[in-house]
Amino acid sequence: MTPINAVIISEEKETFQILKKFEEENAMIMEIIGNADGIKDGMILIKERKPDLILLDIHLKDDLFFEMLEQLEFSIPKIVFISANKDYAVKAFKHDAVDFLLKPIDFNSIIMAIYKVIKRREMERSYQHQKINNLNISNTVNQKNDYVAVASLEKIELLPMSEIIFCKADGKYTVFILPNGTSIMSSRNLGEYSAILDDNYFFRIHHSYIINLRHIVKISKKDGYFCELSNGSVLPVAKRRQDDFNKFIKLKD
């Protein structure tokens, strides 16, 4: 089981200490990847680390925090609220919290909340993967390999393969770079797309990059292999992939 990556936003040192102790004893299911004592620093942390879960123990005067979450360019993390005020549970579930923990919190309540997060994440991913696989199977059956279905946990977008300049790994996510300067983040990893993208045009030049041959402008062989693409990006070809890349290019000549 891959542990849930969590960040803590809490004004209370005691809350952090309890959650940190829980992590130490339950490293198989949760890893704390950062903590903040306020919303401003918390949002910076969330954008940098892209957690699966936010453990939120802070008094919110308005809905600004949730509005900022909606503007994230990746899947919104799950939220578990922590509070000494039981009436705060109404706000928690209004904002689709996975769970609400009433202080004083104990390890049993924390572990139940974490398993709820794991269960919801698995259900969402299973649903999205089923939908995207059905789309890609339909695409293959109809012999129209012109589009790829790109899934986040919130939506699925159909991207014309010809418009994908390259894809890059971003941790467990994949980012698609498009000609209009935009990028789209998927909840699936780069390896999964390596098997989906049309192998007549897409080549994995590096463990972090898959490029579209239709967007190669120039290939430099000085001090290693580098591909210059139509948007100006210059990406390295891993040394161990250079021979296969040469063969691939020749097949397309």
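Worth pointing out:
- Hz values of 3J(HN,Hα) by residue in region 10-15 - Karplus curve (6.51, -1.76, 1.60), Gly and Pro given as x: 8, 8, 9, 5, 5, 4
- Helix 107-141 and the long axis of the chain differ in direction by around 30°, with both axes built from C-alpha atoms.
- Overall, the accessible surface of the chain at a probe of 1.4 angstrom is composed of carbon and sulfur to the extent of 49 percent.
- Highest to lowest packing among 158-169, 229-240, scored as the average C-beta count within 10 Å: 158-169, 229-240
- At a probe radius of 1.4 angstrom, the accessible area of the chain per residue rounds to 56 square angstrom.
- Convex hull (Cα only) mean projected area of region 173-226, reported in nm² to one decimal: 4.4 nm²
- With N the number of residues in the chain, Rg(Cα) / (2.2 N^0.38 Å) evaluates to 1.20.
- For region 205-246, the alpha-carbon coordinates run over 25, 20, 16 Å along the three principal axes, in decreasing order.
- Sorting 200-212, 19-31 by average packing, meaning the other beta carbons within 10 Å per residue, from highest down gives 200-212, 19-31.
- The orientation-averaged projection of the convex hull spanning the C-alpha atoms of region 1-78 amounts to 5.0 square nanometres.
- C-alpha center-to-center spacing [region 1-66, region 164-192] in angstrom: 26 Å
- For region 1-42, the fraction of alpha-carbon pairs in successive 5 Å shells from zero, as %: 6, 24, 30, 21, 13, 5, 0
The values are calculated or read from the model by the stated rules, or taken from the named source; none is laboratory data. Computed from a prediction, not measured in an experiment: that's the story for all the values here. Glycine also receives a Cβ, built like all others from the backbone with ideal geometry; neighbour counts cover every protein chain displayed. Areas reflect the complete protein model, heavy atoms only, side chains present, ligands, DNA and RNA absent. Shrake-Rupley method; radii C 1.70, N 1.55, O 1.52, S 1.80 Å.
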